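Structure record follows, encoded as structure tokens.
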Amino acid sequence: MTVTVNSRKDFTLENYRRIALGRESVRIGAEAVRTMTRTRESFFEMLEADPTIFVYGVTSGYGMGSSKRVVVDASQRRVAPVGARAGGAGFGGSFLPERVVRGIVFARLASFIEGHGKARPEVAKELAAMLDRRLPNIPLEGQVWAGEIVPLGHLAEGFKIELELGEGLLNGSPCAAALAGDIALQSPARLALAERVFCLSIEAVNAPLGAYDRDLAQLWGDPYEGRAIRNVNRLLAGVPRRNRRFYQAPVSWELVVRVLGQAHRTVATLDEVAETSLASSTLNPIYEPPSRKHPHGRAFSNGGYHNAMASPALDMVNASWADLCTIANHHVQKMRRSPVSLLPEDLRHPGEDGGYGMGLLGLGQIDFVEEARIAAQRTFVPAAEGDAADDIAEPVFLAYKKSLKAAHCLDCTLAVLAVTSSQALSITGRQAPPKLRGFLESVRAHCPPIHISGRKRALGREMDSLREALSSAALAGEVDLNG
């Protein structure tokens, strides 16, 4: 399959998914070719009409050299732009997933497709062709700089045609768009998986259902909490309504639906930011074709190379994942304590005594809870002093690395809670809610109920298998762990 792009309206999160995860190709449409050809001509007409015009990187140098005047003969179009190509300088040993590099290529095209990049159609076609061959590795580390020149320098190493006057690859913020898009694609399914696991936990302790009553959606009045309430009620459909706890469950069970509601809000915000960022034309300088107000068009400097939305949106999701990790940890610890959960101590099967029971798993997830809290710390705009001009840095790579960590930690804590809930249902001889029975079977396929007196098992390997299944499902946008 191939995604055809003719305008920035084609740069959607769904098309990002097709290209980044589905590995589809991109074709530059006929309308885009005409637009880029026409605006390229009008750009040179603008230069000829006003020889004194300032166009950053065209009639001037770059960075600290921007105050230096460069005399341009607009007829010399094949002159390579000074400083428009640079080798990548990032390093550190770890690299962006290939899906994200594909996403960066796609997001880079958005700045060219309507002519704002003042580039030939051949430039866009070469970018699209990169998706059909081996892409350069882009380091995940060492990328904090004023803009995205450092990571885009690595991408440019795979670009096979010579740039001409006015053309450039390194300015703008396609990396931020792609990094936000990558987490945005995973987050809805990861949240849906969390809802499934928490509903298993609700049934495991036989929690009263008043905390999830459908009327709360109207009483609270928040659309995202309402969404969480509806989802929880759908997943708990068919559970016994009688013979449940006659007093309220611990707070971590009562408030989970509200925290899930906030997670829905942060995921929706990131989705909006990713959609907006992918379709943004962010080059500096940016070119606008002729209009009534600007009959020769205009090119002007701007801060498009700094995406100020992406990092805060990623931070919000990271914080939601950390909150869910904390609640999952409380559910696990409380389920192990008989006076609180009304379940056998340490979730042992009848007749079993001694040993740690489920304690090892409960203690093991503390690492992930604390790591998630660290990953949820706010990503501030870094100060940068590469030179006097580059005094602020783009923080999105910092936020993205924390997003990968926060997602990993949530998958790990969900795996522990899922197995703990499975154990609670097993030792009491109860079934999962009808809509979650297939999900519970999938959990048990990775980690069956635990018998202390049974054979020794490598629980770590079983848990890692379940964690990998959760991670793979989230990335694929699925809630079926059988993949």
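The values are calculated or read from the model by the stated rules, or taken from the named source; none is laboratory data. Please read all numbers here as calculations on a predicted model, not as lab measurements. Ideal geometry is used to build each Cβ from the backbone, glycine not excepted, and the neighbour counts take in all protein chains shown.
Would you confirm whether or not the stretch 211-234 contains a residue that is closer than 20 Å to L342 by Cα and either without any contact (Cβ under 8 Å) to a residue 24 or more places away in the chain or assigned to a loop (DSSP other than H, G, I, E, B) (or both)? Looking for residues that are closer than 20 Å to L342 by Cα and either without any contact (Cβ under 8 Å) to a residue 24 or more places away in the chain or assigned to a loop (DSSP other than H, G, I, E, B) (or both), one finds none in the stretch 211-234, hence no.
Of the set (1) more than 29 Å from the chain's Cα centre (by Cα); (2) buried (at least 19 other Cβ atoms within 10 Å of the Cβ), all apply to A228 but (1).
The one condition from (1) modelled with pLDDT of 85 or more; (2) part of a helix (DSSP H, G or I) that Q431 does not meet is (2). Scanning the stretch 291-305 for residues that are in contact (Cβ under 8 Å) with a residue 60 or more places away in the chain and either in contact with a strand residue (DSSP E or B) (Cβ under 9 Å, 6 or more places away or on another chain) or buried (at least 19 other Cβ atoms within 10 Å of the Cβ) (or both) gives G297, R298, A299, S301, G304, Y305.
Among the residues of the stretch 384-436, those identified as in contact with a helix residue (DSSP H, G or I) (Cβ under 8 Å, 6 or more places away or on another chain) and among the small types (G, A, S) are A388, A389, A399, S403, A406, A407, A415, A418, S421, S422, A424, A432.
Of the residues G168, G153, G103, which single one is touching a residue at least 12 places away in the same chain (Cβ under 8 Å), outside the structural domain of R230 (by TED's automatic domain parsing) and in contact with a helix residue (DSSP H, G or I) (Cβ under 9 Å, 6 or more places away or on another chain)? Can you show your working first?
On the way: G168 fails: in contact with a helix residue (DSSP H, G or I) (Cβ under 9 Å, 6 or more places away or on another chain); G153 fails: in contact with a helix residue (DSSP H, G or I) (Cβ under 9 Å, 6 or more places away or on another chain).
Just a single option satisfies the conditions, and that option is G103.
Could you pull out the residue among P139, P208, P188, P151 that is buried (at least 22 other Cβ atoms within 10 Å of the Cβ) and either among the β-branched types (V, I, T) or on the phi < 0 side of the Ramachandran plot (or both)? Full working, then the answer.
Details: P139 fails: buried (at least 22 other Cβ atoms within 10 Å of the Cβ); P208 fails: buried (at least 22 other Cβ atoms within 10 Å of the Cβ); P188 fails: buried (at least 22 other Cβ atoms within 10 Å of the Cβ).
Just one listed residue meets the conditions, P151.
Scanning the stretch 25-39 for residues that are assigned to a loop (DSSP other than H, G, I, E, B), over 17 Å from G117 (Cα atoms) and within 25 Å of the chain's Cα centre (by Cα) turns up nothing.
What number of residues within the stretch 168-195 satisfy the criterion of being of a type in the set (S, T, Y) and outside any helix (DSSP H, G or I)? Steps first, please.
Taking the stretch 168-195 as the starting set, the residues that turn out to be of a type in the set (S, T, Y) are 173, 187.
Then drop every residue that is not outside any helix (DSSP H, G or I), which leaves 173.
Total meeting the criteria: 1.
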